[in-house]
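In what follows, a single structure is set out as structure tokens and then discussed.
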Amino acid sequence: LDFKSLVLQGFNLMQNAHCIKTLVMEDMMKVRAGIVGPQDSVNLMCDIAKEFDNFISVPFVYQRVEDTVKIVQKNRHTVDFWVFSGMTPYTVASQAFSEPFFFYPQLNGSSLTQVLVEIAYKDRRNLERVSIDSLNKRILHETYQDLCISDEEIYLYEYPGYVPIDEIVTFHHDLFKDNKVDTCVTCLRSVYERLQSQGIPVYRITPTRANIRHTFKTAYQLWETQHFKQSQIAVILIQTGNMVNATDHPTLSYDLHRLNLELQSPILAYAESISGSFVSLGTGKFCIFSTRGSLQQGQHSVSLLEKLSLITDLPSNIGIGYGETSLTAEENARLALHHAQNYGHFCAFLVNDNEVIEGPLQEKLSISYDYSIDNKEISEKLKQAGVTITTYNKLLSVQKAQSNHAITTADVAKWLKMTPRNASRILAGLAEQGLAEIIGEEAPVSRGRPRKLYRIRIDRE
């Protein structure tokens with residue numbers, strides 16, 4: 001019996017250990033939301049966060065709003081996204097970091113109404129002589145209008161981001177001492193405490209529970225979308241010239257093999273930098289499999305092209321494709337490589353999961369465009385004009401890149417790597433079919449005729 005009891009106890013301990021391990025693993029797999037703000041705001045937000053099963057909250061309480069930067073700096077690699085208690089800590093963090101996942105619950109009319117109810121019905125104070133900070137003027141006006149109360153004597157301190165606390169305290173203090181207001185309303189805890197210590201009637205606006213819930217949902221959805229994108233498959237196709245046909249002399253085949261081995265060295269180093277898998281597809285042709293996130297965080301493909309150009313004069317091109325499957329990513333990479341080879345030597349193009357083409361990646365000014373169109377009417381007119389859908393989409397992208405949203409034959413010739421005569425023919429053909437119009441002329445830099453300014457018709461117009 002003692003032996004059976006020991007076995008049973010051991011079995012129970014194993015079960016408990018397994019349950020604990022499972023719970024720990026589940027927590028490790030959950031998204032971590034960093035919640036930053038004063039104690040009461042953090043407590044409320046953490047309490048609401050318990051309603052969500054897809055992430056766990058990590059509280060960070062500050063005494064001064066300026067401490068926000070230190071908190072984010074110290075914990076930025078342990079948190080997936082950040083939710084701040086209000087606009088002020090959010091602005092402080094955004095100015096110091098370029099993180100894409102910063103959020104805060106925005107105050108609205110419901111938040112203000114909640115405070116006004118407390119002022120009027122609980123403390124019986126006048127709602128028409130109030131000073132308010134941080135709120136949007138439209139929200140203030142609409143809330144008072146909905147309550148059928150005049151806001152003519154309301155003093156609003158509206159600011160877009162971060163303002164020193166002393167400045168906001170002075171705003172409220174001076175209005176109250178000058179007998180221009182009877183009550184002060186603030187969105188900041190530190191301002192609330194300072195005014196309260198001075199014996200000034202003050203109330204604090206806080207986000208409603210509904211606002212906080214909405215912020216958590218939005219933050220998680222945006223993080224999940226971005227995380228999904230980062231985990232997409234990335235295929236990088238690299239081709240150096242046409243090394244097979246570079247020479248037909250059999251005695252030079254060894255030189256080609258040596259060159260092929262030389263090219264592999266920087267390509268392998270690049271594959272390692274983006275945690276990719278390297279595959280040789282033949283002489284001068286290589287492929288790397290990785291993820292979108294690793295590729296975006298690793299070395300730029302342009303640096304690889306520069307290294308290849310130092311090894312051989314044969315032109316190298318790179319095509320990058322993103323996709324949910326390896327097949328889709330590879331097809332997009334082949335399309336990107338095709339566009340890179342058509343554009344010129346030593347350039348890279350990218351085709352993303354939405355089949356949008358971007359490039360050339362090595363130039364400061366690049367364009368992105370689709371290679372399909374859904375408008376049948378425009379498609380038919382393009383055929384009549386003798387212009388391909390891809391060329392039309394390129395022109396739209398070039399036009400969008402121009403400050404005046406118009407293009408000339410010189411712009412088309414430059415971006416599409418063609419002669420001015422061919423560019424002129426394309427624009428004239430589009431104008432004949434009503435897909436472009438002449439909107440003016442551009443004065444020439446040197447002698448010559450003024451250049452016509454065209455505006456291409458957009459598909460959705």
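The values are calculated or read from the model by the stated rules, or taken from the named source; none is laboratory data. Given the structure is predicted, the values throughout are model-derived calculations rather than measurements. Cβ: placed from backbone, ideal geometry, glycine included. Neighbour counts: every protein chain shown. All accessible areas refer to the heavy atoms of the entire protein, side chains included, with ligands and DNA or RNA removed. Shrake-Rupley method; radii C 1.70, N 1.55, O 1.52, S 1.80 Å.
Taking the Cα centre of segment 40-189 as origin and assigning +1 to Lys and Arg Cβ atoms and -1 to Asp and Glu Cβ atoms, the resulting dipole is close to 340 debye.
Per residue, the accessible area of the chain comes to 56 Å², computed with a 1.4 Å probe over protein heavy atoms only.
Tally Lys and Arg at +1 and Asp and Glu at -1 over the other residues with C-beta under 11 Å from the C-beta of VAL169: what net charge comes out? Once positives and negatives cancel, what remains is -4. When a/c reaches 1.5 or more, the comparison of a/b and b/c decides; with that in mind, is segment 281-331 rounded, prolate or oblate per its Cα gyration tensor? The shape class here is oblate. Packing order of peptides 347-354, 76-83, 146-153, highest average first: 347-354, 76-83, 146-153 (average count of other Cβ atoms within 10 Å over each peptide's residues). Between the beta carbons of ASP53 and GLN230, assuming R0 = 30 Å, the FRET efficiency works out to 0.85 to the nearest 0.05.
Each of GLY293, VAL36, TYR254 was placed along the dipole of the chain (beta-carbon charges, centred on the mean Cα), and the one lying farthest toward the positive end is TYR254.
Ordering SER197, PHE52, ILE318 by Cα displacement along the dipole of the chain toward the positive end leaves ILE318 in first place; charges were set at the Cβ atoms of Lys, Arg (+1) and Asp, Glu (-1).
The dipole here belongs to segment 70-141: it is taken about the Cα centre, uses +1 on the Cβ of Lys and Arg and -1 on the Cβ of Asp and Glu, and is about 160 debye. In terms of its C-alpha gyration tensor, the chain comes out oblate, because a/c is 1.5 or above while a/b does not outweigh b/c. The residues packed around CYS187, meaning those with a beta-carbon under 12 Å from its beta-carbon, carry a net charge of 0 if Lys and Arg are +1 and Asp and Glu are -1.
Using a ≥ b ≥ c from the Cα gyration tensor of segment 170-219 (square roots of the eigenvalues), is it rounded, prolate or oblate, where a/c under 1.5 gives rounded and otherwise the larger of a/b and b/c decides, a/b for prolate? Prolate shape, in that a/c is at least 1.5 and a/b is the bigger ratio. With the highest mean first, a sort of the peptides 326-338, 156-168 on other beta-carbon atoms found within 10 angstrom per residue produces 326-338, 156-168.
Taking the Cα of TYR121, stepping 7 Å toward and past its beta carbon, and measuring to each backbone N in segment 138-158: which are under 15 Å? Residues 147-148 fall inside that zone. In the chain, a dipole from Cβ-located charges (positive for Lys and Arg, negative for Asp and Glu) runs towards its positive end, and of ALA271, TYR162, LEU382 it is LEU382 whose Cα lies farthest in that direction. The magnitude of the dipole of the chain, with charges of +1 and -1 set on the Cβ of Lys/Arg and Asp/Glu and taken from the Cα centre, is near 720 debye.
Measuring between alpha carbons in the structure, the pairs from LYS376/LYS414; LYS70/LYS229; LYS400/LYS452; LYS30/LYS74 lying more than 23 angstrom apart are LYS376/LYS414; LYS70/LYS229. For LEU156, the residues whose modelled amide H falls within less than 5 Å of its own, excluding neighbours fewer than 5 places apart on the same chain, are ILE132. Phi angles of segment 30-46 translate, via the Karplus equation with coefficients 6.51, -1.76, 1.60 and θ = phi - 60°, into HN-Hα couplings of 6, 6, 9, 9, x, 10, 10, x, x, 4, 5, 5, 5, 4, 5, 5, 5 Hz per residue; Gly and Pro are given as x. Between LEU147 and GLN264, the contour length at 0.36 nm per residue exceeds the Cα-Cα span by 34.9 nm.
Probe radius 1.4 Å, ligands and nucleic acids ignored: give me the carbon and sulfur share of the accessible area of the chain as a rounded percent. C and S fraction of accessible area: 50 percent. Summarising the label geometry, the points placed 7 Å from Cα in the beta-carbon direction at VAL69 and GLN39 lie 2.6 nm from one another.
With just the Cα atoms defining each centre, how far is segment 98-141 from segment 169-195? Give it in Å. One Cα centre to the other: 14 Å. Inter-label distance, THR78 to ASN242: 5.9 nm, where each label sits 7 Å from its Cα along the C-beta direction. Residue-wise HN-Hα couplings along segment 126-143, as the Karplus relation 6.51 cos²θ - 1.76 cosθ + 1.60 with θ = phi - 60° gives them from phi, are 6, 8, 9, 10, 9, 10, 9, 10, 6, 6, 6, 4, 5, 4, 4, 4, 5, 5 Hz; Gly and Pro carry x.
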